[in-house]
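Chemist: Please read through the structure below; I'll follow up with questions.
The values are calculated or read from the model by the stated rules, or taken from the named source; none is laboratory data. Keep in mind it's a predicted model, so treat the numbers as computed, not measured. Cβ placement follows ideal geometry from the backbone for every residue including glycine, while neighbour counts extend to all protein chains displayed.
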Amino acid sequence: MYSASDAEHGESMAVTLKEVAARAGVSRSAVSRAFTDGASVSAKTRAKVEKAAGELGYAPNALASSLTTGRTKLIGLIANNFHNPLILEVFDLFTRGLQDRGLRPLLVNLSEATDPAASVRMLRQYSVDGVIVASSTLPTSFAEAFKTAGLPVVHAFGRKSAAPDVPVVGIDNVACGRMAAEALLARGYRKVGFLGGPAMATSTQDRATGFLDAIRGHAGLSVRVSYADAYTFDAGRAEMQRLLAAPQEAYFCGDDLLAVGALSAIVDAGLSVPGDIGLIGLNDMEMSRWQNIGLTTIHQPVAQIIEAAIDLVVATIEEPDRPAEVRLFDCHVVERRTLRAMP
């Protein structure tokens, strides 16, 4: 007869939990405990069950097991800029990192999202164990809404804060803005510009703050600030086409994709990079390394950020009352071909 414990572990048509128990010489309840995290079972019994299951090709149904454990092992992975190729690298690293820990990613597209409460309702429908918000443009209210709803949450690529409400993992965007300004000044540029992403994005605001603070410390410089509509190639290209009416000598583009779009507009206008206009980006995405682009940029350690975000969400699931913390990773300039040589 088909039992509740059989259903709990999702026996297939070919192999049943009863058959595993018979092969291992143990009870069906012992097999059930062997496949239940935290259940009491001796190492000897567990080894016998795993050996029998392997020989028979039996695998428990993880979703069914969640009815017993109360844990789905689902982690909601939220992003909102699917037009940026960097998100593919982010998804690749996140999904593999979660799966390596026995967790399952649930990808959620919040492009154009404006209501945190609706996002919380969506994730609750799937009974996720935790949430990772992977965005530098979503407002902090999104991550905070999940915490308020009682869901363990980490904001990856979030904004630095001295007293965070939720754990944050990312970079110091203000410091990156200063780094970009120093790179331009070191090469003798006197007319510089900041070409940022959306003006309301905290990452754009912080990168602009750092850039302008560093520039203001030097006399005799001309600086202009402009913003693209989005962190996309088309937005960067369109904004640079507008700026070419009266261009600066060099620009810090607040994202590599903006910089590549700007590069396209400059070349189409019959100008050269870096001969006529210099460019520096931020992220060091794969496209920036392509031979026909060779973008000088600021490297963001995406893999380290993602690993830390997964570690933190797991720790928060296990210890919901742990204090929120901020983990920031250092960045550095990667020299390629879109800035003039150092004097």
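Chemist: When residue 250 is evaluated against the numbered criteria (1) surrounded by fewer than 24 Cβ atoms within 10 Å (Cβ to Cβ); (2) in contact (Cβ under 8 Å) with a residue 60 or more places away in the chain, which criterion, by number, is the only one it fails?
Modeler: (1)
Chemist: Pull up the stretch 178-202, narrow it to residues that are closer than 14 Å to residue 252 by Cα and either in contact with an Asp or Glu (Cβ under 7 Å, 6 or more places away or on another chain) or in the same structural domain as residue 323 (by TED's automatic domain parsing) (or both), then point me to the one that is surrounded by the most Cβ atoms within 10 Å (Cβ to Cβ).
Modeler: Checked the stretch 178-202; the qualifying residue surrounded by the most Cβ atoms within 10 Å (Cβ to Cβ) is 197.
Chemist: Since residue 81 meets every condition but one in (1) polar (S, T, N, Q); (2) in contact with a Phe, Trp or Tyr (Cβ under 9 Å, 6 or more places away or on another chain); (3) not in a loop (DSSP other than H, G, I, E, B), which condition does it not meet?
Modeler: That leaves (3) as the condition not met.
Chemist: Same structure, new question: So in the stretch 57-93, with the set limited to residues that are buried (at least 21 other Cβ atoms within 10 Å of the Cβ), out of contact with any Asp or Glu (no Cβ under 9 Å at 6 or more places or on another chain) and β-branched (Val, Ile, Thr), which one is modelled with the highest pLDDT?
Modeler: So, considering only residues that are buried (at least 21 other Cβ atoms within 10 Å of the Cβ), out of contact with any Asp or Glu (no Cβ under 9 Å at 6 or more places or on another chain) and β-branched (Val, Ile, Thr), the one modelled with the highest pLDDT is 90.
Chemist: Of all residues in the stretch 158-184, count the ones that are part of a helix (DSSP H, G or I) and under 19 Å from residue 308 (Cβ atoms).
Modeler: At the first step, the residues of the stretch 158-184 found to be part of a helix (DSSP H, G or I) are 173-184.
Now restrict to residues that are under 19 Å from residue 308 (Cβ atoms): 173, 175-176.
Counting residues in the stretch 158-184 that are part of a helix (DSSP H, G or I) and under 19 Å from residue 308 (Cβ atoms) gives 3.
Chemist: Condition (residue is closer than 30 Å to residue 149 by Cα and touching a residue at least 24 places away in the same chain (Cβ under 8 Å)) applied to the stretch 291-302: is it met by at least one residue?
Modeler: yes
Chemist: Are any residues in the stretch 295-315 touching a Lys or Arg at 6+ places or on another chain (Cβ under 9 Å) and not in a helix (DSSP H, G or I), and if so, which ones?
Modeler: Selection gives 295, 296, 297.
Chemist: Here's a follow-up. Within the stretch 316-343, which residues are surrounded by 15 or more Cβ atoms within 10 Å (Cβ to Cβ) and outside any loop (DSSP other than H, G, I, E, B)?
Modeler: 316, 317, 326, 327, 328, 333, 334 - these are the residues of the stretch 316-343 that are surrounded by 15 or more Cβ atoms within 10 Å (Cβ to Cβ) and outside any loop (DSSP other than H, G, I, E, B).
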